[in-house]
Amino acid sequence: MSMNLTDIFPGFENTERESQIIFRQVLSSFSRPGLPFEINPRVKSYEADPGKVGTSLLLALMDTGSSLHLPGVDHDSALRNFLKFHTGCTFLNSPEQADYIWVQQSAHLPVLQKCALGSAEFPEASTTLIIDVEGFKIDSNSNRYNPWFGPGINGELHLEVLGLKEGFWIERETIRPLFPCGVDVIFCSPTHIVSLPRSTRIGEEACM
């Protein structure tokens, strides 16, 4: 694929420093599931782009050995050209073997069972799913939302993810018995991330 390099937007101003900052925020997010962490800077990939959390995550996480699936994004889009230029990643047309999947519209969320789930020998050979959502509501005193349990959560946490495809939680429940295989998820609001590691249990008894 050829691209006009004059049309490629710049990435991070200080690639090493800003990549490390965002990478540390992602690690902190996975160590504290369910808690929002702000991502900054949020990089623009084209003129009309407001600067998205997902773009910054992929700049920090991907390299030439990474594969990416972008459901619903045109093959000749400015975003694909931007990520290809700055990371050297490989684009895949389907989710089965992708290291990363960035879902910018809930309707394009792939079936979780069709993502790379890893294997008994290599559970880490699985997809990290990045999903754009509207935002988050946390209420530790409410029973309105399914509680989150697991490593990094003190007791339980009641969190609502706004703007998420309705069937997501049902699909995730179907792959939970495959643990330690599965997918790790990063939900992205316009400014923050919330991570959902495969080790986190949703709506289950804490003693399980």
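The values are calculated or read from the model by the stated rules, or taken from the named source; none is laboratory data. Keep in mind that what you see is a predicted model, and the values were worked out from it rather than measured. Neighbour counts run over all protein chains shown; Cβ positions are idealised from the backbone, glycine included.
Pairs meeting the criteria (first residue in the stretch 177-188 and farther than 14 Å from G34 by Cβ, second residue among the aromatic types (F, W, Y) and surrounded by 18 or more Cβ atoms within 10 Å (Cβ to Cβ), beta carbons under 9 Å, at least 6 apart or on different chains) are C188/W102.
Scanning the stretch 147-158 for residues that are on the phi < 0 side of the Ramachandran plot and surrounded by 15 or more Cβ atoms within 10 Å (Cβ to Cβ), we see that the one that is farthest from the chain's Cα centre (by Cα) is E156.
Condition test on I101, is it within 20 Å of D184 (Cβ to Cβ) and outside any helix (DSSP H, G or I)? Taking the combined requirement at face value, the residue satisfies it.
Of all residues in the stretch 66-113, those that are farther than 25 Å from G163 by Cβ and touching an Asp or Glu at 6+ places or on another chain (Cβ under 8 Å) total 6. Of all the listed residues (T174, T200, T127, T191), the sole one being more than 22 Å from L27 (Cβ to Cβ) and hydroxyl-bearing (S, T, Y) is T174. Checked against the criterion of being modelled with pLDDT under 95, more than 24 Å from P197 (Cβ to Cβ) and out of contact with any strand residue (DSSP E or B) (no Cβ under 9 Å at 6 or more places or on another chain), the stretch 17-34 has no qualifying residue. Taken over the stretch 38-65, the criterion of being closer than 19 Å to R198 by Cβ and either of a type in the set (V, I, T) or surrounded by fewer than 21 Cβ atoms within 10 Å (Cβ to Cβ) (or both) is satisfied by L61 alone. Sort through L79, L112, L68 and tell me the only one that's on the phi < 0 side of the Ramachandran plot, modelled with pLDDT under 95 and surrounded by 19 or more Cβ atoms within 10 Å (Cβ to Cβ). Of L79, L112, L68, the one residue that is on the phi < 0 side of the Ramachandran plot, modelled with pLDDT under 95 and surrounded by 19 or more Cβ atoms within 10 Å (Cβ to Cβ) is L79. Could you tell me which of the residues E124, E38, E47 is under 24 Å from R176 (Cα atoms), of a type in the set (D, E) and over 13 Å from the mean Cα position of the chain (by Cα)? Residue meeting the stated conditions: E124.
Scanning the stretch 152-208 for residues that are within 21 Å of E134 (Cα to Cα) and among the basic types (K, R) yields K165, R172.
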